[in-house]
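To start, the structure under review is shown below, and the notes come after it.
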DNA sequence: ATAATACCTATAGTAACTATAGGTATTATC
DNA sequence: GATAATACCTATAGTTACTATAGGTATTAT
């Protein structure tokens, strides 16, 4: 296999996902249809590997396929004006920052549980009380 | 409706999700079966509202139903020893911290795009290069 | 040369919702 | 107090984002 051109299995291993997932992302138009070997097998580049890793991480963080499409559009659409990219990026940034706030709360509560726990059983677990009893506006529009 | 006892619609509104989702979480054993009105309608408490909000936020952050079940088990299982809660919390904490790292990278790249963009079109978008070209071990076991 | 492995397409199955149908409760208005 | 609007009920079908399987071809290792 020529350097810089890998088969689908190698690509999937790099990104930490299944081969089937890669083919699914091609069908879903998140991944571009790649070059094919003379016999018809898919051949990928390093750029494809970066793109797939990005998609997997975004999915793991709870972004929907549609949201990932929106993020990738900022990469793909070289035609877009800076102003529109700016606006899209800003809306994605707010989305990301909300998630960061939730995760930081989660981190601190888990940290507390680990340090405060001093043996025996847990009589009155504070996790639900501490976590997310505030900001009820979780109707945040997906910033696609 | 007696204070502190709300119908499913009010509960769903508080947590920012659909009524159907609440019923689905009951089926999936994430929410406890609630009290019923004389005619058979579900009646929820403030505690249920906190629990549902927690589930929704965890799901938005990419935790699977199984993972959420694991987190909730720390709340529900009053029998568990502090040591086992500690171990579970630690494994969840590592999971959360990995997500935090990914999200922080995403935040900084989006921030850069917003501040660096100075008009015209974007000739060479750095987003894929900057994002996630590193740490390829995304095979992190779900820490249930 | 041939066996093991990796790839191909097409299709079916799963997880986590989401929507619909057909019917009963609750609440609001006259 | 009748009735209309809204919210609730169960059961079931549909959607999204994968994941697994079947039956067959390519590539690689021995």
Hits in segment B:26-51 - residues which are assigned to a loop (DSSP other than H, G, I, E, B), within 14 Å of chain A (Cβ to nearest Cβ) and more than 14 Å from residue B:5 (Cα to Cα):
B:30, B:31, B:32
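A quick yes/no check of all residues on (1) surrounded by 14 or more Cβ atoms within 10 Å (Cβ to Cβ); (2) facing chain A (nearest Cβ under 7 Å); (3) at pLDDT below 75:
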{"position": "B:89", "(1), (2), (3)": "yes, yes, no"}
{"position": "B:99", "(1), (2), (3)": "yes, yes, no"}
{"position": "B:109", "(1), (2), (3)": "yes, no, no"}
{"position": "B:122", "(1), (2), (3)": "yes, yes, yes"}
State the number of residues belonging to segment B:1-25 that are away from DNA strand C (no atom under 11 Å from the Cβ), more than 14 Å from chain A (Cβ to nearest Cβ) and modelled with pLDDT of 95 or more.
1
Taking the stated definitions as given, is residue B:74 assigned to a loop (DSSP other than H, G, I, E, B), in contact (Cβ under 8 Å) with a residue 12 or more places away in the chain and either within 9 Å of DNA strand C (Cβ to nearest atom) or farther than 24 Å from residue A:57 by Cα (or both)?
no
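The values are calculated or read from the model by the stated rules, or taken from the named source; none is laboratory data. Values in this document were obtained by computation on a predicted structure and should not be read as measured data. We place every Cβ from the backbone using ideal geometry, glycine too, and count neighbours over all the protein chains shown.
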